[in-house]
1. Sort out which residues of region 240-251 are part of a loop (DSSP other than H, G, I, E, B) and within 28 Å of the chain's Cα centre (by Cα), and write them in order of number.
2. How many residues are exposed (fewer than 11 other Cβ atoms within 10 Å of the Cβ) and either at positive phi or within 16 Å of ligand 3 (Cβ to nearest atom) (or both) when one looks only at region 137-150?
3. Select, from 252, 270, the only residue that is assigned by TED's automatic domain parsing to the domain that holds residue 91 and farther than 25 Å from residue 174 by Cβ.
4. I'm trying to understand the selection: among the residues of region 151-203, which are surrounded by fewer than 14 Cβ atoms within 10 Å (Cβ to Cβ), part of a loop (DSSP other than H, G, I, E, B) and either away from ligand 2 (no atom under 16 Å from the Cβ) or of a type in the set (Asp, Glu) (or both)?
5. In region 217-264, which residue that is polar (S, T, N, Q) and touching a strand residue (DSSP E or B) at 6+ places or on another chain (Cβ under 9 Å) is nearest to residue 383 (Cα to Cα)?
6. Consider residue 98 against the criteria (1) within 30 Å of residue 213 (Cα to Cα); (2) loosely packed, with under 14 Cβ neighbours inside 10 Å; (3) not small (Gly, Ala, Ser): it satisfies all of them except one. Which criterion is unmet?
7. Please find, among 17, 89, 58, 47, the residue that is among the acidic types (Asp, Glu) and closer than 24 Å to residue 220 by Cα.
8. Out of the residues in region 32-74 that are charged (D, E, K, R) and closer than 30 Å to residue 308 by Cα, state the one that is modelled with the lowest pLDDT.
Amino acid sequence: MRQLSEVDRDAIRIAQDPHFSRWLEQITATGGCAHPVHLSGSTTTLDGTTGEILRQYDTRDEPGERLLVRCRNRRATVCAPCSRLHAGDTFHLVRAGLMGGKNVPTAVRNRPRLFVTLTAPSFGPVHRAGERCRPRRDGGACEHGRPLGCGTEHAATDPLIGQPLCPDCYDYNGHVLWHAHASKLWDRFVIDVRRRLASSVGLVQSGFADHARLSFARVAEYQKRAAVHVHAVIRLDGPDGPTDEPPAWGTTDRLTDAVRASAGRVLVRTPYSPSVGEIVFRWGAQLDVRPLHADSAGSGDDAVAAYVAKYVTKGASETGAGTDHKVTTRADIDTAPVSEHVRTLMRTCWRLGGLPEYASLRLRTWIHSLGYRGHILTKSRAYSTTYAALRAERAQHVGHTEIPGAVTDSHWRYVGSGHTPGAALIAAGVAEDVAINRAAAAESSQPGGGAV
Ligand SMILES: [Zn+2]
Ligand SMILES: [Zn+2]
Ligand SMILES: [Zn+2]
């Protein structure tokens with residue numbers, strides 16, 4: 001035993017425990033979650049009329065008197081198995097809004113649907129990949145003595161990409177405040193699209209809801225320069241949503257025109273600050289509006305759904321923007337494993353977060369996401385299904401069916417989280433098995449494949 005590592009000795013201790021097989025069942029039920037939540041408690045299901053106990057579960061009978069449940073983190077860098085599950089759910093959620101399924105009628109695929117990308121404005125030139133970075137024939141330097149151009153052809157992996165040409169010229173206040181207002185700008189954009197549609201057909205704006213309904217799912221993505229931009233699926237239905245046909249005037253062309261006009265028009269103002277002033281934000285000049293055409297195979301829709309799902313798994317550490325965990329002190333900012341550019345953005349959050357005029361933006365709470373406090377994925381209520389519904393569907397597949405007329409009484413308490421080193425090793429093995437099985441299942445479900 002002495003030559004074995006601490007991890008191995010711990011794994012052996014766990015495997016020799018008399019409750020090992022039940023513990024392994026729990027680990028398997030979490031899919032090998034890397035940071036499971038430990039719960040203590042009980043749930044009792046009673047017959048609603050007779051009071052008879054139909055089902056009872058208590059963690060007193062479990063190994064360590066606890067139940068392990070998934071952390072459900074969406075970031076692959078934090079928990080790979082849970083992020084895979086989350087990405088799968090996101091894919092189905094976005095796809096159902098495009099093609100139907102999951103209680104959404106398939107007729108949605110014939111509705112006007114757009115895939116839209118809205119960008120952040122510029123806060124100053126940054127190095128970029130591709131051709132020559134920022135060629136300038138006449139050279140020139142900024143007031144800090146740094147060159148205004150860059151003639152390098154940066155390799156895709158060059159850490160300079162996304163970093164400002166001059167950090168002293170770069171508008172860090174603007175960048176952070178943009179993040180703090182991006183969700184509000186999105187809300188105004190959606191309201192304005194509805195208004196535009198209404199006025200384009202001579203409806204009073206308040207009458208829009210009687211004629212049509214606009215639904216969306218959007219995902220926020222950090223670009224190389226660590227500024228959030230937005231990809232969104234936007235769909236036009238009749239007033240009742242997915243089950244309802246839009247009016248005759250509700251065409252793809254009309255929706256496209258409204259989206260383009262609103263994207264160029266809406267604005268949001270920051271609160272006035274004696275040191276920063278008032279900033280007026282609009283979307284960046286780069287705008288992409290792509291109509292999604294209904295074809296029988298729906299391959300374009302699948303691609304869009306997969307594209308959106310990919311973004312939700314990206315952690316801050318993977319995109320190089322911010323950190324995966326909250327930052328609470330100045331020292332955390334100094335030691336965070338981020339680029340100087342991102343560190344400066346974090347410091348800007350800290351500094352502006354201390355100003356009373358920005359208190360409502362809670363910038364110090366959102367340092368790890370560089371001031372952006374929205375969700376990574378946001379959707380309107382009528383877009384498609386929900387994460388909760390997808391989880392419930394999965395629970396039914398593993399046998400936790402609802403009993404009609406039953407009453408459930410549950411009491412749960414958080415008692416810890418994570419794994420010991422040996423448990424982490426075993427959980428990683430379980431996660432790997434799940435991934436291999438999933439890949440094999442996907443292969444055998446391919447047309448023409450799996451003829452065994
Ligand atoms: Zn997890
Ligand atoms: Zn450059
Ligand atoms: Zn400068």
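1. Once the filter is applied, which keeps residues that are part of a loop (DSSP other than H, G, I, E, B) and within 28 Å of the chain's Cα centre (by Cα), region 240-251 yields 240, 242, 243.
2. Counting residues in region 137-150 that are exposed (fewer than 11 other Cβ atoms within 10 Å of the Cβ) and either at positive phi or within 16 Å of ligand 3 (Cβ to nearest atom) (or both) gives 5.
3. 252
4. 153, 168, 202
5. 243
6. (2) is the only condition that residue 98 fails.
7. Going through 17, 89, 58, 47 in turn, just one is among the acidic types (Asp, Glu) and closer than 24 Å to residue 220 by Cα: 89.
8. Looking at residues that are charged (D, E, K, R) and closer than 30 Å to residue 308 by Cα, I get 74.
The values are calculated or read from the model by the stated rules, or taken from the named source; none is laboratory data. From a predicted model like this one, the values you see are computed outputs, not experimental measurements. Cβ sites come from the backbone with ideal geometry, for glycine too, and all protein chains shown count toward neighbours.
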